[in-house]
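Enquirer: Questions regarding the structure given below will be posed in turn.
The values are calculated or read from the model by the stated rules, or taken from the named source; none is laboratory data. Given the structure is predicted, the values throughout are model-derived calculations rather than measurements. Because the Cβ atoms are built from the backbone with ideal geometry, glycine has one as well, and the counts that use them run over all protein chains shown.
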Amino acid sequence: METTPGTPIRPRGAEARAAGFGLDEVPAEIRGPGPRLVDLAWRRLTALPPSIATLSGPEVLRLDGNRLTGLPPEVARLRGLREIHLDGNALDAIFREAE
């Protein structure tokens, strides 16, 4: 997975928007009761980390324009999730076990 060290995710009230590219872990500042919208669009992500399951608040997860070919099964644990945006990815499976 491509990463840029120190890539911040900026919580802004009910939203958290990412800057830069890559994601190895879900940042601590958006774990737990967090933003309703998590925007990870256009970050050149090739995979989501299993720690995505540590999010407890998002209703909307934006993953548009990445390089995802599948999602980890942990996404199913996001109980409050109402929308997931996946346009512009190369999905060949929705849930995929870590390789």
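Enquirer: Give me a count of the residues in the range 60-83 that are in contact with a strand residue (DSSP E or B) (Cβ under 8 Å, 6 or more places away or on another chain), surrounded by fewer than 17 Cβ atoms within 10 Å (Cβ to Cβ) and modelled with pLDDT of 90 or more.
Expert: 4
Enquirer: Take the residues of the range 22-51 that are of a type in the set (V, I, T) and at pLDDT 85 or above: which is surrounded by the most Cβ atoms within 10 Å (Cβ to Cβ)? Let's see the steps before the verdict.
Expert: Step one: list which residues in the range 22-51 are of a type in the set (V, I, T), which gives 26, 30, 38, 46.
Checking which are at pLDDT 85 or above leaves us with 38, 46.
On the way: V38: 26, T46: 15.
Among them, the one singled out is V38.
Rundown of residues vs (1) more than 16 Å from P35 (Cα to Cα); (2) in contact (Cβ under 8 Å) with a residue 24 or more places away in the chain, yes/no style:
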{"residue": "A47", "(1), (2)": "yes, yes"}
{"residue": "I52", "(1), (2)": "no, yes"}
{"residue": "N66", "(1), (2)": "yes, yes"}
{"residue": "T69", "(1), (2)": "yes, yes"}
{"residue": "P73", "(1), (2)": "yes, yes"}
{"residue": "L81", "(1), (2)": "no, no"}
{"residue": "L86", "(1), (2)": "yes, no"}
{"residue": "L91", "(1), (2)": "yes, no"}
